[in-house]
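Just so it is clear, none of the values below were taken in a lab; they were calculated from the coordinates. As the structure is a prediction and not an experimental result, all values here were calculated from the model. A quick note on method: Cβ atoms are made from the backbone with ideal geometry, for glycine too, and the neighbour counts reach across all protein chains shown.
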């Protein structure tokens with residue numbers, strides 16, 4: 001086993017856990033820097049005995065971050081939030097936290113820093129989230145000029161909060177709404193456009209950013225092979241969950257009203273800031289390298305989501321599919 005050490009901030013999150021497994025499989029010693037080490041203990045079996053360690057870390061504390069990166073050959077920042085609560089604001093996490101990690105990585109002499117940002121980050125965006133992501137990139141590049149910046153689109157995979165959310169809605173409700181400012185069900189009226197990227201492809205890009213030369217100091221847009229509008233996304237959900245839900249387009253004003261109330265849930269389903277992001281869509285605008293520059297062929301949504309959306313299918317459909325091969329014998 002190589003003696004190289006990688007510190008992964010946010011290693012227990014959706015993207016982070018896949019990054020942990022990639023580095024462990026590649027033979028690295030993996031240090032996972034998280035707030036709650038007990039909740040992240042499920043990742044210990046991802047490596048050999050002693051290969052994966054957990055260290056309690058707050059990215060809002062200089063000493064805590066410095067201790068987490070001590071001796072690391074590479075540092076990965078997977079930390080991100082989708083809504084603000086109390087002291088966990090977008091600026092505190094995406095800007096100040098990212099800056100703190102970058103400065104600590106530079107001071108510790110780490111050879112590589114990979115910072116996971118977001119597609120569509122823009123200093124002039126109406127969304128606070130998107131502006132904070134852009135400011136975070138600037139802070140990282142200022143503190144660690146050779147950092148690799150990855151901007152994934154909506155990330156899908158078994159634990160995602162995108163397709164799983166709609167799968168759950170399809171299981172519970174007779175209608176799947178999408179939001180549009182154009183007359184629904186006409187050309188161009190299918191709502192915002194997305195270019196979902198598979199979490200395994202993102203994790204592979206993170207690994208190659210560190211292990212393959214030529215990626216330092218660059219910014220990459222990580223997207224899937226196809227652009228979908230929201231109506232097409234919901235049609236995929238209907239198909240994979242074996243549901244026949246009505247897919248209905250409604251004006252964005254409805255989303256804004258819903259978000260006003262939903263933002264107060266313990267885990268908001270939708271916030272006003274997310275509506276601004278949703279309205280803008282999430283596709284690559286070109287001009288930046290992507291997965292192909294890592295030698296990665298982007299994985300298609302259709303070949304993967306069915307493997308985990310099947311749990312939202314009607315029980316009788318799942319049973320029928322399970323028994324049909326026997327009936328044909």
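Side notes on the structure shown:
- The chain: calculated mean residue ellipticity at 222 nm from DSSP helix runs of at least 4, using -39500 (n - 2.57): -11000 deg cm²/dmol
- With the convex hull drawn around the C-alpha atoms of the stretch 1-122, the volume per residue stands at 106 Å³.
- Mean Cα-pair separation over length for the stretch 50-140, i.e. relative contact order, pairs under 8 Å, 6 or more apart, %: 31 percent
- Distance between the stretch 150-205 and the stretch 8-69 - C-alpha centres, whole angstrom: 28 Å
- Short-range pairs are left out: with C-alpha atoms under 8 Å and at least six residues apart, the relative contact order of the chain is 16 percent.
- For the stretch 18-126, share of DSSP beta bridges that run antiparallel, in % to the nearest 5: 10 percent
- Each 10 Å bin, from zero up to the one with the longest distance, holds this percent of the alpha carbon pairs of the stretch 147-285: 11, 35, 34, 14, 5, 0.
- Compared with the dominant Cα axis of the chain, that is its longest principal axis, helix 98-107 is turned about 30°.
- Counting only alpha carbon atoms, the long axis of helix 14-25 and the longest principal axis of the chain meet at about 50°.
- Ranked for footprinting exposure by Cβ neighbours inside 10 Å, fewest first, 12, 209 give 12, 209.
- Among (1) 21.8, 78; (2) 20.6, 66; (3) 22.1, 86, the entry that matches Rg and Dmax of the Cα atoms in Å as calculated here: (2)
- Here the residues 233, 248, ranked from fewest to most Cβ neighbours within 10 Å of their Cβ, fall in the order 248, 233.
- Degrees, to the nearest 10: 163-172 long Cα axis against longest axis of the chain: 30 degrees
- Part-to-part distance (alpha-carbon centres) for the stretch 270-312 and the stretch 104-122, which is given in Å: 21 Å
- Hydrodynamic radius of the stretch 62-210 per Kirkwood, over alpha carbon pairs, in Å: 17.3 Å
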